[in-house]
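To keep things clear, I will list the structure first and then write my remarks on it.
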Amino acid sequence: MMKIIRYILFPVVPIYFLVTWLRNKLYDLGIKSSKSYDFPVICVGNLSVGGTGKTPMIEYLIDLLNEEFKLATLSRGYKRKTKGFQLANKDSTADSIGDEPFQFYSKFKDLTMVAVDSNRQHGITRLRASKPEVILLDDALQHRKVKAGFNILLTTYKKPYYKDIVLPTGDLREPRSGANRANIIMVTKCPNRLMDDEKNDILKRIKPKSYQSVFFSSIVYSDKLFSANDSLLLNELEDFVLVTGIANAEPLVAFLKAENLTFEHFNFKDHHDFTQDDIHVFANKARILTTEKDFMRLKKFDSIAHKLYYIPISIAIDNELAFNNQIKTFIKH
């Protein structure tokens, strides 16, 4: 039904395109002002709505940089129940800072400061009081009031931005020309063995500018599952349901089926606000498997906490050394 509605709304596409194109052009011409910074600010973002792999990319950068630099991450804190600037601390929850920032804090609290603020300029100003050497901006490519020194644009292998159109019929938040602001274009969620011919074909479609590099990455699923107090090998998993509230659960479902696992899948929309009624539906199963992001919101339900597990993911980047060097070169220069 939603697909039909989006096609019906196709006449709105040119209007949305024009409005977003004009907004970007005003920033590009300096008519609307962007704030630049004299310290490294790296933005990870996308042109499309959700599901391109921003969270694992931020986590990759934290792992890459934390030993050399004092880090901070700044997110909007989507669907949190607080306002303004929030710096994560021991009392923070997914409700107070959002599920993805809470995930960053839960995993990396000793490696990076984690903050949220819908006003990125204000958030950066507040963070600078603690003197981080590098600030990572999560999902801020369209936040043009901040001019990051380095932009990483993520686009998925299955639905790259060059095959898409703007909202409401397509999934792009802005016209494809927004890719011109990227220093790196990362094609995410690629098959594990992507042939060179296919990579070259994608490069021809992207047509990177002289200042842009293109990389390819794939998802790596852990063979170990984790709960709040326990762990379990994936091949020991049985009699479970899969619960997801992310933009695209297809890669995870495909991975689990390839492992010959049988399960019922409760598939909710991205950032779903789980209710007691939801919990009641699948609480009678022996185990519940979910994503790490959903785990941050589900673990507060005492009735399922003891049977709730998540599967960690990471990313593998082709030509990883070149990618790492480009990031560190930007920071040091």
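Quick check, is Val12 open to solvent by less than 90 Å² (accessible area, probe 1.4 Å) and either modelled with pLDDT under 95 or in a helix (DSSP H, G or I) (or both)? For Val12, the condition - open to solvent by less than 90 Å² (accessible area, probe 1.4 Å) and either modelled with pLDDT under 95 or in a helix (DSSP H, G or I) (or both) - is met.
All of Ala115, Ala148 fail the test of being modelled with pLDDT of 95 or more and touching a Gly at 6+ places or on another chain (Cβ under 7 Å), apart from Ala115.
Picking from Leu127, Leu167, Leu194, which residue would you name as being of a type outside the set (Val, Ile, Thr), more than 18 Å from the chain's Cα centre (by Cα), open to solvent by less than 60 Å² (accessible area, probe 1.4 Å) and at pLDDT below 95? Of Leu127, Leu167, Leu194, the one residue that is of a type outside the set (Val, Ile, Thr), more than 18 Å from the chain's Cα centre (by Cα), open to solvent by less than 60 Å² (accessible area, probe 1.4 Å) and at pLDDT below 95 is Leu194. When the stretch 239-254 is filtered for residues that are surrounded by fewer than 17 Cβ atoms within 10 Å (Cβ to Cβ) and over 22 Å from the mean Cα position of the chain (by Cα), only Asp239 remains. Within the stretch 170-191, restricting attention to residues that are part of a helix (DSSP H, G or I) and open to solvent by less than 30 Å² (accessible area, probe 1.4 Å), which residue is farthest from Leu22 (Cα to Cα)? Top of the filtered list is Ala179. Within the stretch 69-89, residues that are closer than 19 Å to Asp110 by Cβ and open to solvent by less than 60 Å² (accessible area, probe 1.4 Å) reach partners that are of a type in the set (A, V, I, L, M, F, W, C) and part of a loop (DSSP other than H, G, I, E, B) with beta carbons closer than 7 Å, at six or more positions or on different chains, in the pairs Leu71/Leu111.
So, Glu236, is that one open to solvent by 30 Å² or more (accessible area, probe 1.4 Å), under 15 Å from Leu289 (Cα atoms) and among the acidic types (Asp, Glu) or not? Yes; evaluated as a whole, the condition is true for this residue.
Kindly indicate whether any position in the stretch 18-40 is part of a strand (DSSP E or B), over 30 Å from Ser218 (Cα atoms) and in contact with a helix residue (DSSP H, G or I) (Cβ under 8 Å, 6 or more places away or on another chain). Checking the stretch 18-40: at least one residue is part of a strand (DSSP E or B), over 30 Å from Ser218 (Cα atoms) and in contact with a helix residue (DSSP H, G or I) (Cβ under 8 Å, 6 or more places away or on another chain).
Inclusion of Asn200 among residues that are under 23 Å from Asn319 (Cβ atoms), touching a Lys or Arg at 6+ places or on another chain (Cβ under 7 Å) and not basic (Lys, Arg) is not warranted.
Scanning the stretch 268-283 for residues that are in contact (Cβ under 8 Å) with a residue 40 or more places away in the chain and closer than 14 Å to Leu308 by Cβ yields a count of 1. Among the residues making up the stretch 139-153, a single one is buried (at least 24 other Cβ atoms within 10 Å of the Cβ) and over 21 Å from Arg23 (Cβ atoms): Ile152. Under 23 Å from Met186 (Cα atoms), in contact (Cβ under 8 Å) with a residue 12 or more places away in the chain, in contact with a Gly (Cβ under 6 Å, 6 or more places away or on another chain) and part of a strand (DSSP E or B): does that describe Leu136? For Leu136, the condition - under 23 Å from Met186 (Cα atoms), in contact (Cβ under 8 Å) with a residue 12 or more places away in the chain, in contact with a Gly (Cβ under 6 Å, 6 or more places away or on another chain) and part of a strand (DSSP E or B) - is not met.
The set of residues in the stretch 236-289 that are aromatic (Phe, Trp, Tyr) and either part of a helix (DSSP H, G or I) or closer than 19 Å to Leu225 by Cα (or both) comprises Phe240, Phe255, Phe263, Phe266, Phe282. What is the one condition in (1) modelled with pLDDT under 95; (2) open to solvent by 40 Å² or more (accessible area, probe 1.4 Å) that Gly51 does not satisfy? Answer for Gly51: the failing condition is (2).
The values are calculated or read from the model by the stated rules, or taken from the named source; none is laboratory data. Remember, predicted model here, so these are calculated numbers, not experimental data. When we count neighbours, we look across all protein chains shown, and the Cβ atoms used for this are built from the backbone with ideal geometry, even at glycine. Calculation scope for accessible area: heavy atoms of the full protein, side chains included, ligands and nucleic acids excluded. Shrake-Rupley method; radii C 1.70, N 1.55, O 1.52, S 1.80 Å.
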